[in-house]
Amino acid sequence: MMDFEVDIRTLLLTLVLGNLFTLLLITSYRRRYPTEGIGTWFVVAKWLQSLCWFLLLLRGRIPDMPFIPISNAAMLGGGGLEIVSLLSIKGCFGPAVRRYYIALSVFSVILYGGVYIVHNQENLRIAAASFAAMLFVVYPAGRFGLGREGSPLQRAIGLLYGGMAVIFAARSVSALQNGPSQTVFTPGHVSNLYYLGMFLLMNLGTAAFVLLSREQSLDELKRMAMFDELTGLLNRRSFLELAQPALDRARRMRETISFILMDIDHFKQVNDVYGHAAGDRVLREFAAAAGGALMGEGLLGRYGGEEFAVLLPGLDEGSSDETIGRLNAAIGGLSVEGVPLRYSVSIGVITLIPGSAATLDYLYRLSDTALYQAKREGRNRVVRVEPGCGGS
């Protein structure tokens, strides 16, 4: 069987040059797309990693003290900041994770410092640094690799970090087994895997950060396209897109469905008297109260202006009346800062088992007719309309 050996100093040189080239690319990228998510921490991470590999490359030509501790600190710091950058992009770097990495950093300093001061053998330093590095990559391996909602890209990143965790663990054990003869330049299968793994991690880690940043930007664009910016509710287009499958299912299963259209009474007066900023607060408070009253039932969206729509699959007249009662109770109790009046809503509703003619436009038109009947009858009331022929 052919032995596979690599020249470690050559790999170290490629790691230095690779990280510097990455920094050049990222700097150019940031100048062209300054608002996208290539963060400062990632740049700092690449500088630290470049410093680590450069100091290792100069090993034997510069004094061991203080450059060995500096090199290891740069490795753990650079790797840690790269992980933090990736986790932050996906919103995974919360308080608990932050505390974990702070504690892990303190532990790593104590572990490596203790070895360096008490029993300064290179194999023990390698074992300590590799063990600490393993603990750093275990969380992103699980978070990205095992997350049910993760994209294929995230699972690939998790797999990469999982592989590096295994390599770090193997390197730590190998260093302990080999004894004092083990150095960072000692050849062997584990050392080869370690340096090749770091080379792969350098390239794929950078690609992952850029791709995750783009993925985040696309997610934000999708969110902006789906939700109303002011209220945070589904906009009209998204509401209709999500409502159509629910209506189709009700038609196939011969299930009851209710469509509710709500309009805030005298909303123009709020804008004219108290200003559009106050009107915006009214809309936001209304949306929050309506969402809370629905308790996760059905779909709620802003149809336009002060008009809101609710689709309630599976709810008959009695159940939809209960939901409307909760909506009225929640909205009637609102008092918006800067608007010294309590406002009300007019509601039009239709409940039916949809037939072939019962399109979303059909439901809207009938509910709209009922809504304006409620307006004509004095507002602050509910009018229920019966479906016409073909609707059910």
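Structure values in brief
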{"read-out": "Selection status of TYR101, in contact (Cβ under 8 Å) with a residue 12 or more places away in the chain, surrounded by fewer than 21 Cβ atoms within 10 Å (Cβ to Cβ) and under 28 Å from the mean Cα position of the chain (by Cα)", "value": "yes"}
{"read-out": "Index of the failed condition, SER217 passing every other in (1) buried (at least 18 other Cβ atoms within 10 Å of the Cβ); (2) hydroxyl-bearing (Ser, Thr, Tyr); (3) part of a helix (DSSP H, G or I)", "value": "(1)"}
{"read-out": "Hey, GLY150 surrounded by fewer than 22 Cβ atoms within 10 Å (Cβ to Cβ), farther than 17 Å from SER71 by Cα, at pLDDT 90 or above and out of contact with any Gly (no Cβ under 6 Å at 6 or more places or on another chain) or not", "value": "no"}
{"read-out": "Matching strands (runs of 3 or more DSSP E) fully within region 236-352 where at least 1 residues are without any contact (Cβ under 8 Å) to a residue 60 or more places away in the chain, crowded, with 18+ Cβ neighbours inside 10 Å and out of contact with any Phe, Trp or Tyr (no Cβ under 7 Å at 6 or more places or on another chain)", "value": "307-313"}
{"read-out": "Single residue of PHE267, PHE259 found to be under 33 Å from the mean Cα position of the chain (by Cα), in the same structural domain as ARG381 (by TED's automatic domain parsing) and under 22 Å from ALA370 (Cα atoms)", "value": "PHE259"}
{"read-out": "Region 1-24: number of residues that are exposed (fewer than 13 other Cβ atoms within 10 Å of the Cβ) and at pLDDT below 85", "value": "6"}
{"read-out": "Region 174-213, subset β-branched (Val, Ile, Thr) and free of Cβ contacts under 8 Å to residues at least 24 places away in the same chain, residue nearest to LEU13 (Cα to Cα)", "value": "THR186"}
{"read-out": "From LEU196, LEU200, residue being surrounded by fewer than 16 Cβ atoms within 10 Å (Cβ to Cβ), within 16 Å of GLU82 (Cβ to Cβ), within 33 Å of the chain's Cα centre (by Cα) and not hydroxyl-bearing (Ser, Thr, Tyr)", "value": "LEU200"}
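Yes/no matrix, rows are residues, columns are (1) out of contact with any Gly (no Cβ under 9 Å at 6 or more places or on another chain); (2) among the hydrophobic types (A, V, I, L, M, F, W, C):
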position: ASP219; (1), (2): yes, no
position: ASN235; (1), (2): no, no
position: ALA243; (1), (2): no, yes
position: ARG251; (1), (2): no, no
position: ILE257; (1), (2): no, yes
position: ASN271; (1), (2): no, no
position: GLY298; (1), (2): no, no
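The values are calculated or read from the model by the stated rules, or taken from the named source; none is laboratory data. Predicted model only: the values in this text are computed from it and were never measured. Quick reminder, even Gly has a Cβ in these numbers, built from the backbone with ideal geometry, and neighbours come from all protein chains shown.
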